[in-house]
Each structure stands twice: as C-alpha cells, then as structure tokens.
Amino acid sequence: MSIRPATPADARSIAEIYAPYVADTAISFEETPPDAAEIARRMEGAHLWLVDETDGDITGYAYATPWRSRHAYRFTVETTVYVASEQHGRGVGRRLYEELLAQLGALGFVTAVAGITLPNEQSVEFHRSLGFGDVGTFPKVGYKFDTWYDTGWMSREL
C-alpha cells in the first residue's frame, strides 16, 4: 500500500469507489454518481487529492477543496475521505486522512473543516479520533431518499 497524489488516470477508480456512496446512502447528498470525466474535472479545483494504492488498485481517496470562495477563507480547507467498501476497517481511511492533514499543514493551511451527514456516528468518531471537534449542526439541510438529513460540522487546526 502506498499513498500518492491522485492523477486524472485514477478518476475511473475514484468514481467507482464513490458511486455506491451516492447511489445507496445519504453520506453524499449527490443524487447521480459522477463519471470519471467529472471526477477528473473536480480534481483540477482541489488543493490536494491523494489516493491509496495497493497491488495496483485504488482502495481509497482523500482530498481538500477550498471551503469558501472569499479571500479571507484562503487558509481553510474542506476535507473528505472515501474508502472502497471491501477496505473498510483496514485503516485505509485513517492513513489517507493523516497524510492529507499533514500535507495540508505543510502547505500553510491553518484549519480543516468536515461536513458529515447525520446520523453517522462512525464518521463523527473517526473525525474526533483525528483531532476534529464539533462546531455545530445544520438541521434539515439535505433531502435525499424522501428523508431530511442534518449536517454536522467539525473542524481542527492543522
């Protein structure tokens, strides 16, 4: 296993990892899984995008994007991690996120924020274990599968 910068050649694998989260869960509020071309386009706008590669297969990815567009927010990033379903519980997400956060700090970013669809205690505890603290909850901001969902926000200093 190795963590490396993602390239557009990884977009198909990333799209395949992400698709079940979109199609089958409210973890993502997207309703249609993006294809490889869309993933590659999104990679261009990110501050940093990493993949975990094991035996030639992408097993997970993490990335950071600008949190907001106004210049005053330029030192804050929004972070995300997704892991292939068969890799859950193997430490892939933790390794990716730890590396992402370390590199972001080295690049001069100061704060990382993460939005989590609630309920999702596993993700909340995962973020807490990496030093994120609760900031607040936006009630009923996402509607998917005929259900309203809250979004919890967490942050940590880099």
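For the peptides 138-146, 112-120, residues were scored by their other Cβ atoms within 10 Å and the scores averaged per peptide; the highest-first order is 112-120, 138-146.
For Glu31 and Ala9, the FRET efficiency from 1/(1 + (r/R0)^6), where r spans their Cβ atoms and R0 equals 25 Å, is about 0.40.
Using C-alpha pairs below 8 Å separated by at least 6 residues, the relative contact order for the chain is 19 percent.
Sparse packing (at most 14 other Cβ atoms within 10 Å of the Cβ) combined with a DSSP loop state is found for the following chymotrypsin sites (Phe, Trp or Tyr not before Pro) in the range 11-100: Phe29, Phe75. The convex hull drawn around the Cα atoms of the chain, when projected onto a plane and averaged over every direction, covers 9.0 nm².
None of the figures in this text is laboratory data; all of them are computed from the coordinates on show. Keep in mind that this is a model prediction, so the values were computed, not measured. When we count neighbours, we look across all protein chains shown, and the Cβ atoms used for this are built from the backbone with ideal geometry, even at glycine.
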